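Report on the structure given below.
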Amino acid sequence: MFPEFLTDIYTDYTIRNITLGAMTLGFVSGSLGTFAVLRRQSLLGDTISHAVLPGIILAFMLTGSRDPLILIIGAAIVGWIATLSIMAIVNTTRIKPDASLALVLSVFFGFGMMLMTFVQRQPEAASAGLSRFLFGQAAAIIWDDVRTMLIVGGSAMVILLIFWKEFKLVVFDRAFALSMGMPVRRFDVLLTTLLVIAIVIGLQTVGVVLMSAMVVAPAAAARQWTDRLGFVTLLAGGFGALSGVSGALISVYMTRMPTGPTIVLCLTVVVVFSLLMAPNRGLLWSWVRQHRQSREIRSRVVLGDLYWLSAQHEGAEHGHSIGTLEAMSAGRVAVDHGLEDLERAGLAQRTGDDNWMLTESGRHQAQKDLQSGERESADV
Amino acid sequence: MTAPASAQTPAIAVRDLTVAYDDRPVLWDVDLDVPHSVLMAIVGPNGAGKTTMIKAMLNLVRPAAGQVEILGQSYQKSRHQVGYVPQRGSVDWDFPTNVLDVVLMGRYGALGWIRRPGEADRKLALQALEKVSMADFAERQISQLSGGQQQRVFLARALVQDAQVYLMDEPFQGVDATTERAIITILKDLRSAGKTVVCVHHDLQTVPDYFDWVALLNVRKIASGPVAEVFNDTNLRLAYGGRVAFLSRDSAAPATAQPTPDYED
């Protein structure tokens, strides 16, 4: 089945539209999402994506049209109203930001569900497809949708490029940006607008319920791999596009499942892989590093103890029992493993059953450790 | 030190400044003149409004009354002549960027809209990093810096702003002794070059060594002027209440208004 659809991408309109659409929305929401994550607005993203539902339905009710651009505009307007409501609640009441996010999310989403039920009871057949905005349906992507995504997403990308350095500074160091006279508040508005765009662009394909994953997850994964903002943004876009396309195609051609959940599953693979495997920041990497460090410390402790013992015995070629060493380290370290590590490094040798002594290089190393230890404590 | 032509206008003139957060006054009716080419400390107990003072000078907080003029002009007009070092804890040091990039941000004001920093800006940034002995760290990810290194990076960023007036919020906070000496050398160089430097400062003991001008603040201005004239027991007691054991006793116990800052590096 797979090779077939790779060739189909070039020949079959439906597949081409789905691929192109999923790729565009994945790239746009992934890369714009980087800024949302860095501004700590991931939850705002989730709230906006749920809260736009009534906007979509109202746009349909008012115009009777299912033109994607009209529905997106409706979603964007209500997304903005939701954002303003959150700000108003935080600024004028004692309700904390997290509670106000939850409040706006549930109120708007609940209202949206009510409207949707109402519309679907109406006899017109046109309302039939609206429920796909909940969990998304890639199969329904037509060229009109792709064109809308390209125009809206493309403009968002251009704005991001134009104000790149300003966005970077405003997000990193707001006070410094203000001191330079930058219109920081306007950039806030602009960045939030870009977040709204990142969300509404994928609503039809991914659905309101899971759309925020498209905004947050690619950035979180990309951050694992690189320390440069430009690369994080590009990589997040790439991860978004990859998960978008694979999720969409799998949902349409293999599982017959709603697209949103399939895309999120693909994203999850990317995120988990990044969390575990990425160099430096990856969990696996830090486990290995920690393990290596604790082994290093263990053998240093044992080395120091052996050195101390040999100093007590006037440099004689004298072995010391593991039992003595264990008593010295008082169970803090596994002495036997430490000794084996030292032996492998050529710093200690066995002198008989369970008796150990330092080699010549082991003695030098221990002396060096001791000196540098003294230097460090003198520094403090 | 030659005073500029406009010797009569102070570098910074604060008039009747009152700032309040939610009805609680943080600064009350403060008048303050900072002359040209001085290195001034703003000292005072916690909550005395030191940081707010700096922020009001930078137009970052809206005063309830009064105004600030820098180089004889409003901040909007003079801001290209002003360099700023915020508190190091005010930003997320895990932000995905490197040292050189942060220093380059100091050039954004001169660059204006859209234009990206170029080769000349990079050269300036590297020179500034050289001055703070951080040139080897240019490509380093900022999350790998120690507290003292972070502070030096912020200082380098202010240096590339090439300003006349520098406002710094606790530039010595949480840095080790070596970094503190390095920073104060740079600040004294700035003063020698005719710049005006204002620092929020916590360690009363070092004030006479580091600074030549001082303002004592506790919501109201207690005193300001040359360190030799106004940095005395009477004023310190007025600013801090009875909480400080003082300098002139030449006692063994150092005068510190704060618990010694934690050394992070």
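One residue stands out in region B:41-60 among those that are open to solvent by less than 30 Å² (accessible area, probe 1.4 Å) and in a loop (DSSP other than H, G, I, E, B): the one that is nearest to B:Thr9 (Cα to Cα), namely B:Leu58.
Any residue in region A:204-223 that is aliphatic (A, V, I, L, M), farther than 30 Å from A:Gly260 by Cα and part of a helix (DSSP H, G or I)? Lay out the reasoning, then the answer.
To start, the set of residues in region A:204-223 that are aliphatic (A, V, I, L, M) comprises A:206, A:208-211, A:213-217, A:219-222.
Narrowing the set further to residues that are farther than 30 Å from A:Gly260 by Cα leaves none.
Looking through region A:204-223, none of the residues is aliphatic (A, V, I, L, M), farther than 30 Å from A:Gly260 by Cα and part of a helix (DSSP H, G or I).
A single member of A:Ala156, A:Ala177, A:Ala139 is under 23 Å from the mean Cα position of the chain (by Cα) and either part of a helix (DSSP H, G or I) or touching a residue at least 12 places away in the same chain (Cβ under 8 Å) (or both), and it is A:Ala156. Within region B:80-117, the residues that satisfy the criterion of being farther than 28 Å from B:Gly147 by Cβ and either outside any loop (DSSP other than H, G, I, E, B) or among the β-branched types (Val, Ile, Thr) (or both) are B:His80, B:Gln81, B:Ala110, B:Leu111, B:Ile114. Considering only residues in region B:173-186 that are within 19 Å of B:Ile42 (Cβ to Cβ) and crowded, with 22+ Cβ neighbours inside 10 Å, the one that is nearest to the chain's Cα centre (by Cα) turns out to be B:Ile183. Does A:Leu325 fit the bill of being touching a residue at least 24 places away in the same chain (Cβ under 8 Å) and in a helix (DSSP H, G or I)? When the stated conditions are applied, A:Leu325 passes them. The numbered conditions (1) modelled with pLDDT of 90 or more; (2) not in a loop (DSSP other than H, G, I, E, B) are all true for B:Tyr240 except (1).
Of all the residues that make up region B:128-177, how many are assigned to a helix (DSSP H, G or I) and not polar (S, T, N, Q)?
Keep residues of region B:128-177 that are assigned to a helix (DSSP H, G or I), which gives B:128-131, B:135-137, B:142-144, B:147-159, B:177.
Those still in the list that are not polar (S, T, N, Q) too: B:128-131, B:135-137, B:142, B:147-148, B:152-159, B:177.
Final tally of qualifying residues: 19.
Does region A:276-291 contain at least one residue that is touching a residue at least 12 places away in the same chain (Cβ under 8 Å), small (Gly, Ala, Ser) and open to solvent by less than 50 Å² (accessible area, probe 1.4 Å)? Yes, some residue in region A:276-291 is touching a residue at least 12 places away in the same chain (Cβ under 8 Å), small (Gly, Ala, Ser) and open to solvent by less than 50 Å² (accessible area, probe 1.4 Å).
Scanning region A:82-106 for residues that are more than 27 Å from the chain's Cα centre (by Cα), assigned to a helix (DSSP H, G or I) and exposed (fewer than 15 other Cβ atoms within 10 Å of the Cβ) yields A:Ala88, A:Asn91, A:Thr92. Taking region B:130-155 as the range and being without any contact (Cβ under 8 Å) to a residue 40 or more places away in the chain, among the aliphatic types (A, V, I, L, M) and closer than 24 Å to A:Phe231 by Cα as the test, only B:Ala135 passes. Residue count for region A:164-218, restricted to those that are within 12 Å of chain B (Cβ to nearest Cβ), under 18 Å from B:Lys55 (Cβ atoms) and of a type in the set (D, E, K, R): 2. Residue check: B:Glu130 meets all listed conditions (1) away from every other protein chain (no Cβ under 14 Å); (2) over 30 Å from A:Leu38 (Cβ atoms); (3) not aliphatic (A, V, I, L, M) but one, namely (2).
Looking only at region A:159-174, filter to residues that are farther than 30 Å from B:Asp169 by Cα and open to solvent by 40 Å² or more (accessible area, probe 1.4 Å); which one of those is farthest from the chain's Cα centre (by Cα)?
Let us first name the residues in region A:159-174 that are farther than 30 Å from B:Asp169 by Cα, namely A:159-162.
Restricting the remaining residues to those that are open to solvent by 40 Å² or more (accessible area, probe 1.4 Å) gives A:159, A:161-162.
Details: A:Ile159: 23, A:Leu161: 22, A:Ile162: 25 Å.
Only one residue fits best here, namely A:Ile162.
Based on what the data block shows, is B:Asp189 of a type in the set (Asp, Glu), closer than 19 Å to B:Leu155 by Cα and either at pLDDT 95 or above or part of a helix (DSSP H, G or I) (or both)? Yes; evaluated as a whole, the condition is true for this residue. A residue that is of a type in the set (Ser, Thr, Tyr) and under 12 Å from A:Asp46 (Cα atoms) occurs nowhere in region A:199-209. Return a yes/no flag: does region B:213-224 have any residue that is more than 13 Å from the chain's Cα centre (by Cα), assigned to a helix (DSSP H, G or I) and not small (Gly, Ala, Ser). No; the residues of region B:213-224 include none that is more than 13 Å from the chain's Cα centre (by Cα), assigned to a helix (DSSP H, G or I) and not small (Gly, Ala, Ser). Is region B:28-40 home to any residue that is at negative phi, open to solvent by less than 40 Å² (accessible area, probe 1.4 Å) and aromatic (Phe, Trp, Tyr)? Scanning region B:28-40 turns up no residue that is at negative phi, open to solvent by less than 40 Å² (accessible area, probe 1.4 Å) and aromatic (Phe, Trp, Tyr). Within region B:61-116, the residues that satisfy the criterion of being closer than 16 Å to B:Met168 by Cα, open to solvent by 30 Å² or more (accessible area, probe 1.4 Å) and more than 9 Å from chain A (Cβ to nearest Cβ) are B:Gln81, B:Gly89. Filtered by the rule that a residue be at the interface with chain A (Cβ under 10 Å from one of its Cβ atoms) and among the aromatic types (Phe, Trp, Tyr), region B:133-150 gives no residues.
The values are calculated or read from the model by the stated rules, or taken from the named source; none is laboratory data. No experiment lies behind these values; they were computed from the predicted model shown. Please note: Cβ atoms are built from the backbone with ideal geometry, for glycine as well, and neighbour counts cover all protein chains shown. Keep in mind that these areas ignore ligands, DNA and RNA; they rest on the heavy atoms of the full protein, side chains included. Shrake-Rupley method; radii C 1.70, N 1.55, O 1.52, S 1.80 Å.
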